[in-house]
Amino acid sequence: MALSKQLLDMLICPNCRYEELDYDEAGQRLACSKCSFLFRVTDDVPVLLVDEAEKKE
């Protein structure tokens with residue numbers, strides 16, 4: 001099951017507060033296009049913790 005459009009519209013990046021996170025359904029992660037942080041999605045639940053995020057190279 002994918003994340004709903006309604007949920008994605010409500011999410012913001014916890015690092016930079018940018019309001020657009022791109023969802024990679026195949027990779028199960030959310031990407032911030034402003035600060036390049038990647039947040040994993042586990043069992044259709046976004047893990048929006050900066051301490052657990054990865055930095056996109």
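In this label model, K34 and Y18 are separated by 0.8 nm, measuring between points 7 Å along each Cα→Cβ vector.
Here's how it looks for F37: its modeled amide H is under 5 Å from those of C32, K56, which are all 5 or more places away or on a different chain.
Given charges of +1 on the Cβ of Lys and Arg and -1 on the Cβ of Asp and Glu, with all other atoms neutral, how large is the dipole of segment 5-55 about its Cα centre, in debye to the nearest 20?
180 debye
Close amide H pairs (under 5 Å, H built 1.01 Å from N) link R29 with D24, V41, residues at least 5 positions away or on another chain. The helix-only estimate of mean residue ellipticity at 222 nm for the chain, built from DSSP H runs of length n ≥ 4 each weighted as -39500 (n - 2.57), is -2500 deg cm²/dmol after division by the residue total.
Just so you know, all these numbers are worked out from the coordinates, no wet-lab data involved. Predicted model, so just to flag it, every value in this text is computed and none were measured. Quick reminder, even Gly has a Cβ in these numbers, built from the backbone with ideal geometry, and neighbours come from all protein chains shown.
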